[in-house]
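What follows is calculated from the coordinates using simple rules that are stated; it is not laboratory data. Everything quoted here is computed from the prediction, not taken from an experiment. Don't worry about glycine lacking a Cβ; one is built from the backbone with ideal geometry, like all the others, and counts go over all protein chains shown.
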Amino acid sequence: MRHEEIRWNPALEEWFCIRCGRTSDHVSEEPARKEIDAFECMILSVEDMNRRALEIRENLALLYQEKAAFSFPTPADDPAEYQVEELEAWEKLNQNIRLLETELAAITDQS
């Protein structure tokens, strides 16, 4: 079965199939799709899902530490206190956290 939808995960800098979780570290979508489509789209085993969930939790822990390193007030609390680059970094950090949390929720719902 073909991988119907792949998405970019900026936190891990990889493309992944939203159904089976197969990944590719190609930067652009077309080569990533070719690599991913070389394999059948199959739901991961419980063992694979547990391994991926652990990997995501480890990455989330690092991202949460990075978020905690921002001083108070955070960019969300007082954007005027921050440079544009800092605001962009804050938003990217939060986006990466949301993506990983969403992926983790999807995995834990399947197991």
Which of the numbered conditions does T74 fail, given that it passes all the others? Conditions: (1) touching a residue at least 12 places away in the same chain (Cβ under 8 Å); (2) assigned to a helix (DSSP H, G or I); (3) β-branched (V, I, T).
(2)
For segment 55-111, the count of residues that are touching a strand residue (DSSP E or B) at 6+ places or on another chain (Cβ under 9 Å) and either surrounded by fewer than 11 Cβ atoms within 10 Å (Cβ to Cβ) or among the acidic types (D, E) (or both) equals 1
The one condition in (1) touching a residue at least 12 places away in the same chain (Cβ under 8 Å); (2) under 16 Å from the mean Cα position of the chain (by Cα); (3) surrounded by 12 or more Cβ atoms within 10 Å (Cβ to Cβ) that E13 fails to fulfil:
(3)
